[in-house]
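Below is one structure, written out as structure tokens, with a few remarks after it.
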Amino acid sequence: MKHYLFLAAAIIFEVIGTSFLKKTEQFTKLVPSLIFVIALASSFYMLTFALKGIPIGIAYAIWSAVGIVVISLVGYLVYKEPLDLPAILGIGCIVAGVVIINLFSKANVH
């Protein structure tokens, strides 16, 4: 269970970092750039602890799927970026794939 807490922390840091990526303005703005770098480094650091108990493929699938969903919402709510039906369906397919992996794959069992 603690490995999933580390994975959750990795996802939170990844979303924070990616949320600031646009504000870096191609790394010309110091504060957003520092937040991005620190958050992403923290994300990968937390991910290393998650990998002690979760297979890398499973952890990365969860990390990226949840990150995609949350950062898409950040883009929509904060940056006013539209999400059309194909984008929503595609994101839904990614989430469905991760759910299938977690419910039915034997790769998640140690």
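Nothing in this text is a laboratory measurement; each read-out follows from the coordinates by a stated rule. On a predicted model such as this, the values are computed, not experimentally measured, just so you know. Here the Cβ positions follow ideal geometry from the backbone for every residue, glycine too, while neighbour counts run over all protein chains shown.
Annotation: the residues Met1, Met46, sorted from fewest to most other C-beta atoms within 10 Å of their own C-beta, follow the order Met1, Met46. Averaging the Cα positions of each part gives two centres, and for region 81-110 and region 11-52 these lie 23 Å apart. If you compute log10 I(q)/I(0) by the Debye sum over Cα atoms at q = 0.13 Å⁻¹ for the structure shown, which of (1) -0.54; (2) -0.39; (3) -0.50 do you land on? This structure yields the entry labelled (1). Taking the chain as a Gaussian network of alpha-carbon nodes connected by springs under 10 Å, the highest mean-square fluctuation of the residues Thr28, Thr18, Thr48 belongs to Thr28.
Counted by neighbouring Cβ atoms within 10 Å, the residues Leu103, Leu51, Leu7 run from fewest to most as Leu103, Leu51, Leu7. What are the lysines whose alpha-carbon lies under 23 Å from the alpha-carbon of Lys2, with same-chain residues fewer than 8 places away excluded? Within reach: Lys52, Lys106. For the chain, the longest principal axis of the C-alpha atoms and the axis of helix 30-50 are separated by about 10°. Axis of helix 85-104 versus longest Cα principal axis of the chain: the two differ by about 30°, to the nearest ten degrees. Between Val70, Val31, Val95, find the one with the highest GNM mean-square fluctuation for the chain; connect C-alpha pairs within less than 10 Å. The residue that fluctuates most here is Val31.
Taking region 10-95, which trypsin sites (Lys or Arg not before Pro) meet the DSSP loop condition and have no more than 12 other C-beta atoms within 10 Å? Walk me through the numbers on the way to the answer.
Working: sites: Lys22, Lys23, Lys29, Lys52, Lys80; in loops: Lys29, Lys52, Lys80.
Loop-located and lightly packed - Lys52, Lys80.
Exposure here means at most 14 other Cβ atoms within 10 Å; with chymotrypsin sites (Phe, Trp or Tyr not before Pro) in a DSSP loop as sites, the longest stretch of the chain lacking them is 28-78.
Largest GNM mean-square fluctuation among Gly90, Gly57, Gly17, using the chain with Cα springs under 10 Å: Gly90. In sequence order, region 11-21 has phi-based couplings of 5, 4, 5, 5, 5, 4, x, 5, 4, 8, 4 Hz under the Karplus curve 6.51 cos²θ - 1.76 cosθ + 1.60, θ = phi - 60°, and Gly or Pro positions carry x. P(r) for region 6-59, from all Cα pairs and a bin width of 5 Å, is 5, 25, 25, 18, 12, 9, 6, 1 %, short bins first.
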